[in-house]
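A short reminder: the numbers here are calculations on the coordinates, not readings from a lab. Please read all numbers here as calculations on a predicted model, not as lab measurements. Cβ sites come from the backbone with ideal geometry, for glycine too, and all protein chains shown count toward neighbours.
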Amino acid sequence: MASWRLKVTLTAVIFAITAMIGATGQAARASEPERVEVTGEIIDTWCYTTEVMYALGTAHHRCAVWCAVGGIPVSIIDENDTVYVILKIDGDSHNASNPTVVDIQTHQVTVDGLLYKRDGVNYLIVETVLADGGIVNLTHEDHPIQPQ
């Protein structure tokens, strides 16, 4: 099931990039990296983007862990609803199923890293998790625990 999700996610990403290239005639170059500190909730991109399930906080924690273990890219969403796709975290050589990412799913974190911007997407290479506030977004009282 996770491989199906990954294929759908990758297909959506490829479609979006192809559409952007078609609209402009060429892809925008990536920005120079900028050192940033970002505070927000760790989310999985599949549920957040597709809105298949409520994708935030305690109601979504179990599903978010499953997505991360299955290789679905994770992101940080800040208080302004800006999404930062995490490419790497804590010096790991890959992001899929990274134990650090799995352990902090749906947690409120502050991270330090390098931000790259390309084609309207924020890509983040997290060098350090500065603070981990745990799960602070208590959504299970308003939304059922997912998946049901």
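A few notes on this one:
- Fully extended contour minus Cα-Cα distance, from Val69 to Asp90, at 0.36 nm per residue: 5.9 nm
- Between Glu127 and Asp112, residue separation times 0.36 nm minus the direct Cα-Cα distance comes to 4.8 nm.
- Taking a point 7 Å from the Cα of Val83 along the Cα-to-Cβ direction, the residues of the range 109-139 with backbone N closer than 17 Å to it are 116-125.
- Over all other residues within a Cβ to Cβ distance under 13 Å of Thr128, the charged ones net out to -4, with Lys and Arg as +1 and Asp and Glu as -1.
- Shown is the FRET efficiency for Glu37 and Asp119, computed with R0 = 25 Å from the Cβ-Cβ distance and rounded to the nearest 0.05: 0.60.
- Under-5 Å amide H pairs with His107, H placed in peptide plane, nonlocal only: Ile42
- For the range 84-90, putting each phi into the Karplus relation 6.51 cos²θ - 1.76 cosθ + 1.60 with θ = phi - 60° gives couplings of 10, 6, 7, 8, 8, 9, 6 Hz, in residue order, rounded to whole numbers and with x for Gly and Pro.
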